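First the structure, in the form of structure tokens, and then the observations on it.
The values are calculated or read from the model by the stated rules, or taken from the named source; none is laboratory data. In this text the structure is predicted, and so the values were computed from the model without any measurement. Don't worry about glycine lacking a Cβ; one is built from the backbone with ideal geometry, like all the others, and counts go over all protein chains shown. Protein only, heavy atoms only, side chains kept; ligands, DNA and RNA dropped before computing areas. Shrake-Rupley method; radii C 1.70, N 1.55, O 1.52, S 1.80 Å.
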Amino acid sequence: MIISVNWLKKFTDIDVTIDELATLIGSRLVEIEEVIDLGKKYQGIIVSKVVECDKLEGSDHLNVTKIDDGGKASDVERDENGLVQVVCGAPNVRAGMLVAWLPPNSTVPESFNDAEPFVLGARKLRGVMSNGMLASAKELDLFEDHTGILEIDADAAPGSDFAEVYELNDYLLDIENKSLTHRPDTFGIVGFAREIAAIQGRPFHTPDWLNQLQPSFDALGDIQAPTVAIDDLAVSDRYQAIVLSDVNGNAQSPVHIQSYLARVGVRPINAIVDVTNYLMMVTGQPLHAFDYDKVIAIGGGRADIHVRAGRENETLELLDGRTIELTPEDIVIASGDTAIGLAGAMGGASTLIDENTKNIILESATFNLYNLRATQMRHGIFSEAITRFTKGQPAELTAPVLAEAARLMGEYANAKVVTHVAEAYPGKHDPQQIVVSIETINNTLGSKFMAADIVETLQNVEFSAELIDGLTIKTTAPFWRADMHIAEDIIEEIGRLNGFDSIEPSLPLRDFTAVHPAAFDALRAQVRKCLVRAGANEVLTYSFVHGNVLQKAGQDVANSYRITNSISPDLQYYRQSLTPSLLGLIHPNVKQGYDHFAVFEVNKTHPKQHGLTDENVPAEVDMIALTVTSKKTHTGSAFYDAKKILDYLGMSLGLDLMYSPIDADPNYAVTTPFEYRRSALVTDKKTDTFIGIVGEYKKSVSRGFKLPVHTAGFEIGSLALHQAVVKLSSSYQPLSRYPGSERDVCFQVNDSVQYGQIVECAEVVLRDSNLDTIISPVDIYKAENSDTKNVTIRIKLTAYDRTLTGDEVTGIMNQVTAAAIEQLHATIV
């Protein structure tokens, strides 16, 4: 957001340097990203009067002019009357007009920031000497008008400094307004000036016209007045409309208004539009104008205005030519039953003001900021108006701004008020009084403010404040400070305006002994280290996702909380699990050339089935998810890559993980992305604690996220993992001093026999051996069209008191194979 310092000076005195001002604003109000010296580009430009204007012989558009610069420019050729000759090709140049003259050696403002600025000189055009140029508004870098030279409309004498005439010796403050989202008043010059006055320790007085909260209008015509109704009271606190007649749509606003609009980034258009934009920039209150006669035609002969929610399958053509589909979260302005505008965002094409417009309906209103934030993101509208509406404009502001707009339109565009104000005002609120003691203020801030200092600070920003019994302050915030609710808000305001840096620092008396991290946090840190050691990369993704991400993962969007004021169209829903967020990262990284990697995240999810907390916010569920993928050629299953990492994690934590087949799709948020036939439920065998799921993903999920074929992962509950670890008793055993022995054995079994059954069969036998045993898979092979498969496992045996002999190992292996033959009808291959 751009703020003009000269514009601020129209409402408050500023007696500090620009550097001091920027420092004050940065420390007490908002961060300033850049200070722009606007006046530099206008140095040397002189207000001049065209005395003579004659056609240049042989040219169809050039004129030879003689101008009077009051003798201001030096080192320039003059005639016997002291006039300077300039050749000009503008169609509107004529004798008697005041112009902006750029003498030789001056820089054209439009090119000021170019790598090679355009510096003027004295040169011949068609054989006639021309000294400098007479400039258009575009060449002066005021606004986009290159149809002719700028005609100065101010009362200025030849020789005057052009920059002084239009107050262009200005500084522009480029501020970072994200920290002001709770302060709609500061999105207007008046509100910002009020803050500047306060941080300088000065009282501020709102302009009289802006304090007229119930202005009167003298209606002069007999045009039918509109009727106004707010059909849904939740979408608007106040809506006002008035009809203006005999509007001159071609009228232009004064140059000084166009100049101030342009320097803060608003393009001047015509007097009607400029007045609405000018007042929006001054007050923060947006306005909108409709063509009255078009509204009457759409409404069947009546101007019957309704403020309501959009409807399903309802469409609206906007001023920018787009046709949008409305939703019940949009707010629309309707004539009768027909939508004619997207409230707070953009008008409809059907009521566009054009060169034939004579009568307009001028709207001043407030709308629900949360609806408009959703509208802004959904339809991609980021205008100055909706930016201010999404901060929550106060309803009291609509009337004085509407009255001033009618006055200025009458002055600049010959408009006449022909009806009284039509109004709906369901959102009246009584001002809130806040009482806070002097002691509480000073104890909270660590300050030593006197009661008089506190009262003065608040009154400087137009709070009502009075001292009660010498010990307590009773204050009421003005209507534009809707962010004031509790005593702490008042305390913060006092500290901010006086400068937190002015408070004498003192050390607190409380104990600063470091605390140990909670066991749960320590476990999550250990999990992160384990997964990184396993070769995975930690990522951190948003807790919010697009609905498309949920759908691609197979999750039902209805099971996610929807965010009404999302910060981006891509972040509209709370996620139900971590896996979809990880899957969304796979394809982009594969495209970058990473052909084998694993990513994991330790974070929170907010599935709807867990309900709300006592504070009425979505319950948080701590989860751990990992996805491993590879584009390399593989003969094995990706399932075992994910399982290997999970086994390593379990072993590092002292768990003995058991994997159970899934008979049918569980259809839970966490399990939905996984193909249940190629996945397993994970339980810690030692504590019988269910932890989560590991497996490969459904084909529909793989297609949706463009995953390589060899992709799998797991998602487990952090709390369940912690509970399992807590339940463990110490099972530490030192490493054996004796070498272990490994044997591979291949079983041919029926296709229905699962790997886990073979492992379980072997574990039962090995349990009685009193040896340290490890069973790991080697491979699983199944020939095409065969009803059997070969499963090879590796068994490692280690004794703690001796080196095992070959006969001992063979004897144990024979027991394992015999059990498999008997229980699983296996054949040893």
With the checklist (1) at negative phi; (2) touching a residue at least 40 places away in the same chain (Cβ under 8 Å) in hand, flag the one item Gly392 doesn't pass. (1)
Index of the failed condition, Ala229 passing every other in (1) more than 12 Å from His420 (Cβ to Cβ); (2) open to solvent by less than 20 Å² (accessible area, probe 1.4 Å): (2)
Can you find even one residue in the stretch 128-140 that is surrounded by fewer than 20 Cβ atoms within 10 Å (Cβ to Cβ), touching a Phe, Trp or Tyr at 6+ places or on another chain (Cβ under 6 Å) and either hydroxyl-bearing (Ser, Thr, Tyr) or outside any loop (DSSP other than H, G, I, E, B) (or both)? no
Can you tell me which of (1) surrounded by fewer than 19 Cβ atoms within 10 Å (Cβ to Cβ); (2) among the β-branched types (Val, Ile, Thr); (3) in contact with a strand residue (DSSP E or B) (Cβ under 6 Å, 6 or more places away or on another chain) is the one Thr419 doesn't meet? (1)
Pairs where the first residue, in the stretch 431-457, is under 16 Å from Phe500 (Cα atoms) and acidic (Asp, Glu) and the second is open to solvent by 20 Å² or more (accessible area, probe 1.4 Å) and at pLDDT 95 or above, C-beta under 9 Å, 6+ apart: none
Any idea which of Glu504, Glu538, Glu601 is open to solvent by 70 Å² or more (accessible area, probe 1.4 Å), closer than 30 Å to Leu728 by Cα and of a type in the set (Asp, Glu)? Glu538
State all residues of the stretch 13-57 that are closer than 21 Å to Val86 by Cα and of a type in the set (Gly, Ala, Ser); if no residue qualifies, say none. Gly44, Ser48
List the residue pairs whose Cβ atoms are under 6 Å apart, where the first residue sits in the stretch 181-207 and is within 19 Å of Glu492 (Cα to Cα), the second is of a type in the set (D, E, K, R), and the two are 6 or more positions apart or on different chains. Thr181/Lys391; His182/Asp483; Pro184/Lys391; Gly191/Asp185; Ile199/Arg28
Does the stretch 371-382 contain any residue that is open to solvent by 20 Å² or more (accessible area, probe 1.4 Å) and in contact with a Gly (Cβ under 7 Å, 6 or more places away or on another chain)? no
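Would you call Ala558 on the phi < 0 side of the Ramachandran plot, open to solvent by less than 70 Å² (accessible area, probe 1.4 Å), over 29 Å from the mean Cα position of the chain (by Cα) and not charged (D, E, K, R)?
In short, no.
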Out of all the residues in the stretch 340-370, which are open to solvent by 10 Å² or more (accessible area, probe 1.4 Å) and either more than 20 Å from the chain's Cα centre (by Cα) or under 15 Å from Ala303 (Cβ atoms) (or both)? Ala349, Ser350, Leu352, Ile353, Asp354, Glu355, Asn356, Lys358, Asn359, Glu363
Among the residues of the stretch 208-226 satisfying the criterion of being open to solvent by less than 60 Å² (accessible area, probe 1.4 Å) and of a type outside the set (A, V, I, L, M, F, W, C), which is nearest to Asp337 (Cα to Cα)? Pro226
Check Ala163 against each of (1) part of a strand (DSSP E or B); (2) in contact (Cβ under 8 Å) with a residue 60 or more places away in the chain and name the one condition it does not meet. (1)
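For the stretch 428-470, enumerate the residues that are acidic (Asp, Glu), open to solvent by 90 Å² or more (accessible area, probe 1.4 Å) and in a loop (DSSP other than H, G, I, E, B).
Taking the stretch 428-470 first, the residues acidic (Asp, Glu) are 430, 439, 453, 456, 462, 466, 469.
Keeping just the survivors that are open to solvent by 90 Å² or more (accessible area, probe 1.4 Å) gives 430, 439, 456, 466, 469.
Those that are acidic (Asp, Glu), open to solvent by 90 Å² or more (accessible area, probe 1.4 Å) and in a loop (DSSP other than H, G, I, E, B): Asp430, Asp469.
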Being small (Gly, Ala, Ser) and closer than 30 Å to Leu583 by Cβ is the filter here, so list the residues in the stretch 498-537 that pass it. Ala522, Ala525, Ala534, Gly535, Ala536
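Kindly indicate whether any position in the stretch 649-659 is open to solvent by 30 Å² or more (accessible area, probe 1.4 Å), outside any loop (DSSP other than H, G, I, E, B) and aliphatic (A, V, I, L, M).
yes
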Spot the failing condition for Leu56; the list is (1) open to solvent by less than 50 Å² (accessible area, probe 1.4 Å); (2) farther than 16 Å from Ser130 by Cα, and only one is missed. (2)
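Name the residues in the stretch 21-33 that are part of a helix (DSSP H, G or I), touching a strand residue (DSSP E or B) at 6+ places or on another chain (Cβ under 7 Å) and open to solvent by less than 30 Å² (accessible area, probe 1.4 Å), would you? Talk me through it step by step, then tell me what you get.
Going through the stretch 21-33, the residues part of a helix (DSSP H, G or I) turn out to be 21-28.
From what is left, the residues that are touching a strand residue (DSSP E or B) at 6+ places or on another chain (Cβ under 7 Å) are 22, 25-26.
Ala22, Ile25 - these are the residues of the stretch 21-33 that are part of a helix (DSSP H, G or I), touching a strand residue (DSSP E or B) at 6+ places or on another chain (Cβ under 7 Å) and open to solvent by less than 30 Å² (accessible area, probe 1.4 Å).
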In the stretch 723-735, is there at least one residue being farther than 30 Å from Lys604 by Cβ, among the hydrophobic types (A, V, I, L, M, F, W, C) and surrounded by 15 or more Cβ atoms within 10 Å (Cβ to Cβ)? no
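Please note which helices (runs of 4 or more DSSP H) are completely contained in the stretch 490-600 and include at least 1 residues that are touching a residue at least 24 places away in the same chain (Cβ under 8 Å) and within 29 Å of His379 (Cβ to Cβ). Please lay out each step first, then the result.
Numbers: elements: 519-533, 547-552, 579-591.
Helices (runs of 4 or more DSSP H) meeting the threshold: 547-552, 579-591.
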Determine if the stretch 387-399 includes at least one residue that is hydrophobic (A, V, I, L, M, F, W, C), over 28 Å from the mean Cα position of the chain (by Cα) and open to solvent by less than 10 Å² (accessible area, probe 1.4 Å). yes
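Report yes if some residue within the stretch 320-332 is out of contact with any Lys or Arg (no Cβ under 8 Å at 6 or more places or on another chain), within 25 Å of Val401 (Cα to Cα) and surrounded by fewer than 24 Cβ atoms within 10 Å (Cβ to Cβ); otherwise report no. If you could, list the steps in order and put the result at the bottom.
Going residue by residue through the stretch 320-332, those that are out of contact with any Lys or Arg (no Cβ under 8 Å at 6 or more places or on another chain) are 320-325.
Add one more test, that the residue is within 25 Å of Val401 (Cα to Cα), and what stays is none.
No; the residues of the stretch 320-332 include none that is out of contact with any Lys or Arg (no Cβ under 8 Å at 6 or more places or on another chain), within 25 Å of Val401 (Cα to Cα) and surrounded by fewer than 24 Cβ atoms within 10 Å (Cβ to Cβ).
How many residues are more than 30 Å from Ala399 (Cα to Cα) and either open to solvent by less than 50 Å² (accessible area, probe 1.4 Å) or among the acidic types (Asp, Glu) (or both) if we restrict to the stretch 471-486? Give the derivation first.
Narrowing the stretch 471-486 to residues more than 30 Å from Ala399 (Cα to Cα): 471-473.
Adding the requirement that they be either open to solvent by less than 50 Å² (accessible area, probe 1.4 Å) or among the acidic types (Asp, Glu) (or both) leaves 472-473.
Counting residues in the stretch 471-486 that are more than 30 Å from Ala399 (Cα to Cα) and either open to solvent by less than 50 Å² (accessible area, probe 1.4 Å) or among the acidic types (Asp, Glu) (or both) gives 2.
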Selected residue (only one of Ile18, Ile36, Ile2 is among the β-branched types (Val, Ile, Thr) and open to solvent by less than 40 Å² (accessible area, probe 1.4 Å)): Ile18
Do you know which residues across the stretch 59-112 are in contact (Cβ under 8 Å) with a residue 24 or more places away in the chain, open to solvent by 20 Å² or more (accessible area, probe 1.4 Å), assigned to a loop (DSSP other than H, G, I, E, B) and charged (D, E, K, R)? Lys72, Asp75, Glu77, Arg94
Yes or no: the stretch 750-766 includes at least one residue that is surrounded by fewer than 16 Cβ atoms within 10 Å (Cβ to Cβ) and over 30 Å from Ile662 (Cβ atoms). no
Confirm whether Phe204 is touching an Asp or Glu at 6+ places or on another chain (Cβ under 7 Å), in a loop (DSSP other than H, G, I, E, B), surrounded by 16 or more Cβ atoms within 10 Å (Cβ to Cβ) and of a type in the set (A, V, I, L, M, F, W, C). yes
Tally, over the stretch 769-824, of residues that are open to solvent by 30 Å² or more (accessible area, probe 1.4 Å), closer than 28 Å to Asp751 by Cβ, among the polar types (S, T, N, Q) and over 60 Å from the mean Cα position of the chain (by Cα): 3
